[in-house]
1. What does a probe at Gln358 reach in segment 49-86, counting residues whose amide N is under 12 Å from the point 7 Å along Cα→Cβ?
2. Can you compute the FRET efficiency between Gln207 and Lys382 using 1/(1 + (r/R0)^6), with r the Cβ-Cβ distance and R0 = 35 Å? Round to the nearest 0.05.
3. What size of dipole, in debye to the nearest 20, comes out for the chain about its Cα centre when the only charges are +1 on Lys and Arg C-beta atoms and -1 on Asp and Glu C-beta atoms?
4. Averaging sequence separations of C-alpha pairs under 8 Å and six or more residues apart, then dividing by the length of the chain, give the relative contact order as a whole percent.
5. Report the paramagnetic label zone for Trp336: residues of segment 24-45 whose backbone N is under 15 Å from a point 7 Å from Cα along the Cα-to-Cβ axis.
6. So what's the back-of-envelope 222 nm ellipticity for the chain, counting only DSSP H runs of four-plus at -39500 (n - 2.57) apiece and dividing by all residues, rounded to 500?
7. Can you give me the distance in nm between label points at Leu365 and Asn80, each placed 7 Å from the Cα along the Cα-to-Cβ direction?
8. Once you place label points 7 Å from the Cα toward the Cβ at Leu167 and Ser146, how far apart are they in nm?
Amino acid sequence: MKIFGVIAEYNPLHKGHLWQLQQIRHQFQPDVLLVVMSGNFVQRGDLAIVDKWQRTEMALAAGVDLVVELPLYGSIQAANLFALAAVQILQALAVTDLVFGTESPDLDYYGTARKIRTLTTNSAAFSDYRNTYATQYNQIIEQNLSLDMTKPNQMLGLAYAQAAQTLKYPLALHALPRTGAVDHDQAHLQGEFASASAIRQALLQQQPYQQALPASSEQILQTSRIISWKDFFPFLKYQLLTTNLKQLGQIYQMNEGLQYKLQQEILQVNNFPDFLYAIKSKRYTFARLRRVCLYTLLNLTTTQMQQMWQHPYLHVLGFNRVGQQYLHQIKKHAPWPLISNVNQILGNRTGLMARAVQADQILNLLAFKEQNFGRHPIIWRK
């Protein structure tokens with residue numbers, strides 16, 4: 001069987017995503033098309049603009065057969081760990097092919113990933129403390145391979161290749177040209193193909209965005225509460241002001257005394273963008289700092305993150321008839337617990353998934369629906 005996978009956030013699912021899914025159907029004619037999708041928290045240290053169930057519905061409406069959640073321990077990591085967690089799930093689901101959009105569809109991703117691994121295994125190459133690790137990493141690759149490593153989707157494609165190599169997983173990679181804008185920090189709507197960043201920006205600023213979305217995604221957004229760091233900045237501020245420095249030092253990736261800077265600057269600002277600029281330095285990228293802020297908001301310690309990595313699972317968010325049949329087929333052979341009902345495995349709110357469920361409960365502060373208990377996969381019959 002040809003089991004094709006996509007790794008996505010769908011934050012939100014736009015016409016570029018729909019085009020990609022249609023191309024997969026047209027070019028490869030897969031038996032099953034599944035998506036590993038981030039939950040309520042996403043890779044660049046943000047909260048997803050609508051919850052994971054609404055984004056699952058967007059994916060099923062766009063023709064996906066099966067949606068499985070990328071757990072918290074993978075969804076809010078830097079590109080290499082994000083990719084590793086997602087590719088591990090593809091392997092557990094017996095996916096044969098991965099398709100991803102990229103600015104460089106003709107690049108030899110496996111071959112380039114091998115060269116990058118050789119170039120970056122020497123820790124002495126990253127000794128310039130005046131620049132971030134990411135800056136030094138990009139400079140080494142640009143100087144030796146003439147690759148522009150500021151292209152975010154190209155970087156993710158290489159991270160997928162490196163993850164598959166690490167896992168010794170013979171995953172076929174298919175790179176499709178990315179449509180629309182790709183600048184994540186300076187995003188603007190550009191016709192019907194625009195980046196998710198541009199769409200989120202338009203949503204939050206109450207500007208027109210509908211031309212960039214399929215009708216199904218637009219309908220879901222029109223009836224949903226849109227969330228962002230603006231909603232949760234007061235909770236972050238409370239965490240930083242009421243947690244002692246020793247406890248803050250235990251937060252995941254709170255390195256090199258960063259907790260002192262966070263506690264100092266949080267008193268001087270009244271919104272999240274100003275806070276990010278106040279704590280920015282050459283040593284840390286904005287994405288890294290957003291993730292540290294998210295870890296702080298969720299009170300995620302280094303120990304807890306390590307424990308979550310050690311207990312992987314497959315949380316099913318939705319499926320159609322084809323996806324349901326495939327789940328029945330692989331259920332007995334899946335190497336990890338296959339979860340469709342959180343109540344059954346977490347009735348006492350401890351054990352597997354407990355920390356991720358606890359993190360999801362922060363949405364209840366904004367009167368969102370319960371994200372896990374009593375929730376069952378969306379069954380798509382349209």
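1. none
2. With a Förster radius of 35 Å, E is 0.70.
3. Dipole of the chain, to the nearest 20 debye: 660 debye.
4. Contact order relative to length: 22 percent.
5. In segment 24-45, the label zone of Trp336 (backbone N under 15 Å from the point 7 Å along Cα→Cβ) covers 35-40.
6. Only helices count here, giving -13500 deg cm²/dmol.
7. 3.2
8. Result for the modelled spin labels: 3.3 nm.
The values are calculated or read from the model by the stated rules, or taken from the named source; none is laboratory data. It should be emphasised that the depicted structure is a prediction, and the values quoted were computed from it without experimental measurement. Methodologically, a virtual Cβ is constructed for each residue, glycine included, from the backbone with ideal geometry; neighbour enumeration extends over all protein chains shown. Calculation scope for accessible area: heavy atoms of the full protein, side chains included, ligands and nucleic acids excluded. Shrake-Rupley method; radii C 1.70, N 1.55, O 1.52, S 1.80 Å.
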